[in-house]
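Structure first, commentary second.
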């Protein structure tokens, strides 16, 4: 009966005489749902917050929020509707543990009709949800086109909201006069650009730069900080790049992330990749995606307690149709997972509500869910999923931090991230060894320098490799390069060290392992043993072979050997990978000057090249060397 009455609400509103009754029924049934769209922080590559919007529950369509708003204004019920919309947004954000700031647009007609009461309604909603005012930014429509009491009320609303302690954002505007009136009345902390600016894929960069410049330098009110401009309607990579070119710090749009009932913790893969790539040019370096894949995917879905009643969990799934599962915790530690499909299937059977509705939800709990730590490396995570039961692939997995519940992860999100990372890696991988090429090598070194970690960087090169190719052929030469790649890969700790293939017979090792020197010596010993299988018995006895050099003269060449030139990097020693490359090239020459499979370690110290931005090369401050 209850369900039927809920679906009859639109019918109740068909006649004018039932409008008020229907509106009150919708409000009392809590039929408003908040959606949250991520706001990207282009400075750090993460989420600044979420832009909220209010919708009518899907089963009550076609009564959308705009129609309800018009009806509420006509019937004098605007305060009730505005208060309900504020509650839906605040409660939804807190319930889902939304990240960052919450941007709340004020409903149309709100400020000019309600004035200061707008702030009172918002304060009650925030207080009821337990959401601090410091995390809220209200988008005020300004006073454009308002006169008399409406303009007075709008200004009073802005003053009251400012007194409440929330941030203020000015909505889109298009002319200098409206901007002056907006800023003089609001003095907003944030300014939203117009959605229509990016309607064309062929964005006029020069025009947008002038537009952003006018926002920053208008005489009516200095914004000052670049991060206070929010680029709206970003639906393409071109639009995002325009924002980056002009220094706009925040972005919203389909390209950044689509709205969802549960605030996401991740930007879209395309947007995240674009931001990371823009920071790999020396300005700053973002943390590699692989280093925090679970942190990036984490969805902070509130769990339920082991004593929560089954009917409450069932109602939760009805209220949130996109939720696939919910974790069950005891004292903050996960003990199981309840699948939406399992519960709905069981509760749909006769008398199940009567039998189990008032009993603990653990009756429907999977006591052996897939649980992973947020620090789990990507390789280990994929192994977990490969060996997981099929049910885990549907419901998802629990993410913990130190054993306590942190949130949920989706297998679909993980597959998407891994696919994206594989495509990115393949784009820059060396075709012969499939090892990372120049671009990821430089990115990895820049990230290492930016995080000021201790490390050892080694340049590995084969001696007498060209003569080997001339005598034994290029196919054998490729086999030797693959041998080198395998040996160097085997001595690395996959969780701490990095191996890249510059090209040809040149490799780069970046060690964070403390025993890195012993690992290098092991690589030289193994290479010295295994390379002999590539030479004839006579060449091994002679210790080399004779071949024609570039001048047409016969010349003796020794057997192919491996040389490793190493240097330790301390925080502040280098500014970027270019400075590192100059020194590693020097230590490689020192290593190659030593006969046989050789190792050379440079013990010199270097000044911080970042102190001189005009120079990308570090200069030696000490001449001590091995």
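Restricting attention to region 310-344, the residues being within 13 Å of residue 363 (Cα to Cα) and in a strand (DSSP E or B) number 6.
Are any residues in region 244-259 outside any loop (DSSP other than H, G, I, E, B) and either in contact with a strand residue (DSSP E or B) (Cβ under 6 Å, 6 or more places away or on another chain) or under 21 Å from residue 419 (Cβ atoms) (or both), and if so, which ones? Lay out the reasoning, then the answer.
To start, the set of residues in region 244-259 that are outside any loop (DSSP other than H, G, I, E, B) comprises 244-246, 250-251.
Residues satisfying the conditions are 250, 251.
When the test is whether a residue is under 21 Å from residue 558 (Cβ atoms) and touching a helix residue (DSSP H, G or I) at 6+ places or on another chain (Cβ under 8 Å), residue 468 passes it. Criterion applied to 316, 294 was being crowded, with 19+ Cβ neighbours inside 10 Å and at pLDDT below 80, and the one residue passing it is 294.
If you go through region 537-552 and keep only what is out of contact with any strand residue (DSSP E or B) (no Cβ under 9 Å at 6 or more places or on another chain) and either modelled with pLDDT of 80 or more or not assigned by TED's automatic domain parsing to the domain that holds residue 469 (or both), you end up with 537, 540, 541. For region 125-133, the criterion of a residue being under 21 Å from residue 33 (Cα atoms), in contact (Cβ under 8 Å) with a residue 24 or more places away in the chain and crowded, with 20+ Cβ neighbours inside 10 Å is satisfied by at least one position.
Quick check, is residue 441 touching a residue at least 40 places away in the same chain (Cβ under 8 Å), in a helix (DSSP H, G or I) and assigned by TED's automatic domain parsing to the domain that holds residue 490? Yes; evaluated as a whole, the condition is true for this residue. Quick check on my filter: what residues within region 495-518 are surrounded by fewer than 21 Cβ atoms within 10 Å (Cβ to Cβ) and part of a helix (DSSP H, G or I)? If the condition is that a residue be surrounded by fewer than 21 Cβ atoms within 10 Å (Cβ to Cβ) and part of a helix (DSSP H, G or I), then 517, 518 are the ones that fit.
In summary, residue 469 fulfils each of the numbered conditions (1) at pLDDT 90 or above; (2) surrounded by 15 or more Cβ atoms within 10 Å (Cβ to Cβ); (3) part of a helix (DSSP H, G or I) with the single exception of condition (1).
Given the criteria assigned by TED's automatic domain parsing to the domain that holds residue 308, within 17 Å of residue 401 (Cα to Cα) and surrounded by 13 or more Cβ atoms within 10 Å (Cβ to Cβ), does residue 378 qualify?
On the way: assigned by TED's automatic domain parsing to the domain that holds residue 308: yes; within 17 Å of residue 401 (Cα to Cα): yes; surrounded by 13 or more Cβ atoms within 10 Å (Cβ to Cβ): yes.
So residue 378 fits the description; yes.
Failed condition for residue 498, given (1) closer than 17 Å to residue 563 by Cα; (2) in contact (Cβ under 8 Å) with a residue 60 or more places away in the chain, with all others met? Just one mismatch for residue 498, condition (1). Give region 553-569 a look and list any residue that's without any contact (Cβ under 8 Å) to a residue 24 or more places away in the chain and either outside any strand (DSSP E or B) or outside the structural domain of residue 497 (by TED's automatic domain parsing) (or both), or say none. Of everything in region 553-569, just one residue is without any contact (Cβ under 8 Å) to a residue 24 or more places away in the chain and either outside any strand (DSSP E or B) or outside the structural domain of residue 497 (by TED's automatic domain parsing) (or both), namely 553.
Restricted to region 345-367, and to residues there that are touching a residue at least 24 places away in the same chain (Cβ under 8 Å) and assigned to a loop (DSSP other than H, G, I, E, B), the residue that is nearest to residue 327 (Cα to Cα) is 365. Output the residue which, of all residues in region 40-64 that are surrounded by fewer than 21 Cβ atoms within 10 Å (Cβ to Cβ) and either modelled with pLDDT of 75 or more or outside the structural domain of residue 121 (by TED's automatic domain parsing) (or both), is farthest from residue 249 (Cα to Cα). Selected residue: 56.
Mind counting the residues in region 448-464 that are surrounded by 19 or more Cβ atoms within 10 Å (Cβ to Cβ) and in a helix (DSSP H, G or I)? Working first, answer last.
Of region 448-464, the ones surrounded by 19 or more Cβ atoms within 10 Å (Cβ to Cβ) are 448-449, 455-463.
Filter once more, so that each one left must be in a helix (DSSP H, G or I): 448-449.
Number satisfying all stated conditions: 2.
The values are calculated or read from the model by the stated rules, or taken from the named source; none is laboratory data. Please read these numbers as outputs of a predicted model, since none were measured by experiment. When we count neighbours, we look across all protein chains shown, and the Cβ atoms used for this are built from the backbone with ideal geometry, even at glycine.
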